[in-house]
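This report refers to the structure that appears directly beneath it.
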Amino acid sequence: MTEQSKSYPLWQPSEQRIKDSLMYKFMQHCGHADYDSLHQWSIALIEDFWINVWDFCGVIASNRGDIVLKNPGDIMNAEFFPDARLNYAENLLRRRDDETAIVFYGETQRKQEISYKSLYNQVSQLAQQLRDWGIQPGDRIAGYLPNMPEAIIATLATSAVGAIWSSCSPDFGEKGVIDRFSQIEPKILFSADGYFYHGKVFNCTERLPEILKSLPTVQHTIIVPYVGGFDHPYLDWNTVLQSQTSNDIQFEQLPFNHPLFILYSSGTTGVPKCIVHGAGGTLLQHLKEHQLQSDIKPDDRVFYFATCSWMMWNWQISALASNAQLILYDGSPMYPTNDRLFEIAEETGMTLFGTSAKYLSALHKAVFKPKNDLSAIKTIASTGSALSEETFDYIYADIKSDVHVESVSGGTDIIACFMIGNPTRPVYRGQLQGAGLGFKVDVFDDDANPMKSGQGELVCTAPFPSRPIGFWNDADRRKYFKAYYNRYPNVWHHGDFVEHTAEDGFIVHGRSDAVLKPGGVRIGTAEIYRQVEQMDEVMESLAVGQNWDDDTRIILFVVLRSGVALTDELTLKIKYQIRTHTTPRHVPAKIFQVNDLPRTKNGKLTEIAVRQVIHGQAIKNSESLANPESLEQFKNLKFD
């Protein structure tokens, strides 16, 4: 057992909270006394489990069919509910009353509220227009949009007519958009006129001529007015909607695995992979994660700080199927002050506050303590990277003491979370609470042996509904097989380096492709980050393996607090901190101070890009980075 797995509970739900939870009600519904028994049943009798999720969560479908799982012994080709017919948007638009469905904040510039009735009516108008334009099931529709209500309306109208939605956030430049959308050949493009970030206005319309040159299949371009003041020759969103009268929506009834979303990998090794997710698997998985794992109930107010390029955006909007209210925010989370998101939490009575581990870590480093009334918050959810033990402590000490901290991990590949929260069990310091229901996850060594302790590869050894249908333009599915099933026979290999703890939780030690191997010993990068970033002088760090003398040695890059320099004394202090709390093999051979670290647009550090740069290799997809200019400082470093 490593030091990180020697943990203790920071929070224990009260008996009343447990009994009030939907998880507890689901246990009773299925005849199980505790979560362990429920989870074992969910992975042993997969078909029974998913039928019960379907019924308990109230999936709307014109037909479910008699077959629950076809080819159950073939994890790649297994098919859930092959005879079912349903529509994702119909499930999200089940309410048509005057209560608020969406509250939107565009930094300090705009606030907007939309009722369930208005949401339904606007989706109806847009869906009719899409049909008038000849959009058919399977056609692709693309959004170049901020996290705003119109993005959700366009997504639901796309789903209603059976088309496939794909989106990029507006901070992508022309090349990033073209790299993604040119692969899927959309017929319709929605774009905002611009967006706000940190109080500044950015123009999207000036990028569109270059983008559209590379998207010859686009027949109509619709501009959503947001920032105002930019002239353009394209169709106007309001004009398009007003050309139609709201009626009952004709929801296309489609197979369970009919394509719903195309998401994109965020690596820097080439053109992004186009990952196709099905409507039924996405819906069923999200209903389970929202209602059971996150205890989202009707009229809860659900917030996740995300952009339209991150799968957590897709995850959040599915909460409409649980009759919850969505709270959207677009812009800088720390503008104009660090308490901006907490002001919104207080104003809206937010019940689930979702964000990234990086955001919470930044607040911790800034010694920020919100003074807002956060009494309504039941759950603080975190993802994007591992949530450190110290950040767990910070949340309970300085944000809210009685709260369910739900540190989750999964990703774009599964549009869901392998490891997720559980409102009926304690939260342990530094740990994700456990595997989600229906996920038969394990930790394998290199020879496909399950590991009782220690760090290894995260795998899933049984099918689950939100596996991708495949990749776009991969007819023989070779790329899809290579991405997930090539490492271990008939096993999903996720690419995370993890540890299963004594408390039945998990610790994520980083991505497998970023694992360090000095002397052949595998070390997760998060083990180093956890130690270094406890130091007051260090704001952030990134470690890579460098080929050196027929071996690999660790190189550490640090961003230091303003006014602090990397002296010999501080270098020794950092090495001592790592050596004392891990092992001598974890100690970097070299430490360099940098001004910034490269990260994807979703906020994840990208060790691979730095490793490529210091080895003189080309970065093939720098458009996936939020700050590609940061890579310049890693060139021509002296490593002797």
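The values are calculated or read from the model by the stated rules, or taken from the named source; none is laboratory data. None of the values given here were measured: they were computed from a predicted structure. When we count neighbours, we look across all protein chains shown, and the Cβ atoms used for this are built from the backbone with ideal geometry, even at glycine. Heavy atoms of the whole protein, side chains included, go into the accessibility calculation; ligands, DNA and RNA do not. Shrake-Rupley method; radii C 1.70, N 1.55, O 1.52, S 1.80 Å.
Does K575 satisfy being modelled with pLDDT under 95 and farther than 26 Å from Q455 by Cα? So K575 does not fit the description; no.
If you take the residues in the range 317-347 that are touching a helix residue (DSSP H, G or I) at 6+ places or on another chain (Cβ under 9 Å) and part of a helix (DSSP H, G or I), which one is farthest from V367 (Cα to Cα)? Filtering first and then ranking leaves A321. Considering only the range 43-50, I want to know if a residue exists there that is without any contact (Cβ under 8 Å) to a residue 40 or more places away in the chain, closer than 21 Å to S294 by Cβ and not in a strand (DSSP E or B). The answer is no; no qualifying residue exists. Listed here are the strands (runs of 3 or more DSSP E) enclosed by the range 199-314 that have at least 3 residues being under 21 Å from the mean Cα position of the chain (by Cα): 259-264, 274-278, 301-304.
In the range 500-528, of all residues being in a loop (DSSP other than H, G, I, E, B) and within 22 Å of the chain's Cα centre (by Cα), the one that is farthest from E390 (Cα to Cα) corresponds to V515. Against the conditions (1) at positive phi; (2) not in a loop (DSSP other than H, G, I, E, B), G354 satisfies every one except (1).
Yes/no per residue for (1) assigned to a helix (DSSP H, G or I); (2) in contact with a strand residue (DSSP E or B) (Cβ under 7 Å, 6 or more places away or on another chain); (3) surrounded by fewer than 20 Cβ atoms within 10 Å (Cβ to Cβ); (4) of a type outside the set (A, V, I, L, M, F, W, C):
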| position | (1), (2), (3), (4) |
| --- | --- |
| K479 | yes, yes, yes, yes |
| Y488 | no, yes, yes, yes |
| D496 | no, yes, no, yes |
| R530 | yes, no, no, yes |
| E540 | no, yes, no, yes |
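Scanning the range 450-469 for residues that are part of a loop (DSSP other than H, G, I, E, B), among the polar types (S, T, N, Q) and modelled with pLDDT under 95 yields a count of 1. Consider the range 79-119. How many of its residues are open to solvent by 10 Å² or more (accessible area, probe 1.4 Å), assigned to a helix (DSSP H, G or I) and in contact (Cβ under 8 Å) with a residue 60 or more places away in the chain? Final tally of qualifying residues: 1. In the set L566, L597, L560, only one residue is within 30 Å of C308 (Cα to Cα) and of a type in the set (A, V, I, L, M); that residue is L597.
Within the range 542-559, the set of residues being in contact (Cβ under 8 Å) with a residue 60 or more places away in the chain and either buried (at least 18 other Cβ atoms within 10 Å of the Cβ) or within 18 Å of K358 (Cβ to Cβ) (or both) comprises L542, A543, V544, G545, Q546, I555, F557. Among the residues of the range 185-218, those that are surrounded by fewer than 20 Cβ atoms within 10 Å (Cβ to Cβ) and among the β-branched types (V, I, T) comprise V201, T205, T217, V218. The set of residues in the range 583-633 that are within 16 Å of V544 (Cα to Cα), of a type in the set (A, V, I, L, M, F, W, C), under 28 Å from the mean Cα position of the chain (by Cα) and not in a loop (DSSP other than H, G, I, E, B) comprises L605, I608, A609, V610, V613, L631. In the range 400-454, the residue that is surrounded by the fewest Cβ atoms within 10 Å (Cβ to Cβ) out of those that are of a type in the set (V, I, T) and under 20 Å from Q316 (Cβ atoms) is V403.
Checked against the criteria, S309 counts as open to solvent by 10 Å² or more (accessible area, probe 1.4 Å) and within 20 Å of T282 (Cα to Cα). All told, P13 meets the bar of being open to solvent by less than 50 Å² (accessible area, probe 1.4 Å) and either assigned to a loop (DSSP other than H, G, I, E, B) or small (G, A, S) (or both). Pairs are defined by a Cβ separation below 8 Å, a sequence spacing of at least 6 or placement on different chains, a first member in the range 586-605 that is over 26 Å from D330 (Cα atoms), and a second member that is at pLDDT below 90 and open to solvent by 30 Å² or more (accessible area, probe 1.4 Å); the pairs so defined are A589/W548; F592/L637.
Identify the residue in the range 257-275 that is open to solvent by 10 Å² or more (accessible area, probe 1.4 Å) and of a type in the set (V, I, T) and, among all such residues, is modelled with the lowest pLDDT. Across the range 257-275, the extreme among qualifying residues is T269. Considering every residue within the range 602-610, establish whether at least one is over 23 Å from C308 (Cα atoms) and surrounded by fewer than 19 Cβ atoms within 10 Å (Cβ to Cβ). Scanning the range 602-610 turns up at least one residue that is over 23 Å from C308 (Cα atoms) and surrounded by fewer than 19 Cβ atoms within 10 Å (Cβ to Cβ).
Yes or no: the range 229-245 includes at least one residue that is within 24 Å of L119 (Cβ to Cβ), crowded, with 22+ Cβ neighbours inside 10 Å and charged (D, E, K, R). Checked the range 229-245: no residue is within 24 Å of L119 (Cβ to Cβ), crowded, with 22+ Cβ neighbours inside 10 Å and charged (D, E, K, R). Set side by side, the residues Q316, Q285, Q291 differ, and just one is of a type in the set (S, T, N, Q), in contact (Cβ under 8 Å) with a residue 24 or more places away in the chain, touching a Phe, Trp or Tyr at 6+ places or on another chain (Cβ under 6 Å) and buried (at least 24 other Cβ atoms within 10 Å of the Cβ), which is Q316. Looking only at the range 142-182, residues that are open to solvent by 10 Å² or more (accessible area, probe 1.4 Å), assigned to a loop (DSSP other than H, G, I, E, B) and modelled with pLDDT of 95 or more come to 0 in all.
Scan the range 175-206 for residues that are of a type in the set (K, R) and within 25 Å of I135 (Cα to Cα) and the total you get is 2. Residues in the range 340-363 that are modelled with pLDDT of 95 or more and either among the charged types (D, E, K, R) or open to solvent by 40 Å² or more (accessible area, probe 1.4 Å) (or both): R340, E343, E346, E347.
Against the list (1) of a type outside the set (V, I, T); (2) touching a Gly at 6+ places or on another chain (Cβ under 9 Å); (3) open to solvent by 20 Å² or more (accessible area, probe 1.4 Å); (4) assigned to a helix (DSSP H, G or I), the condition F392 fails is (3).
Scan the range 560-582 for residues that are assigned to a loop (DSSP other than H, G, I, E, B), of a type in the set (S, T, Y) and without any contact (Cβ under 8 Å) to a residue 60 or more places away in the chain and the total you get is 2.
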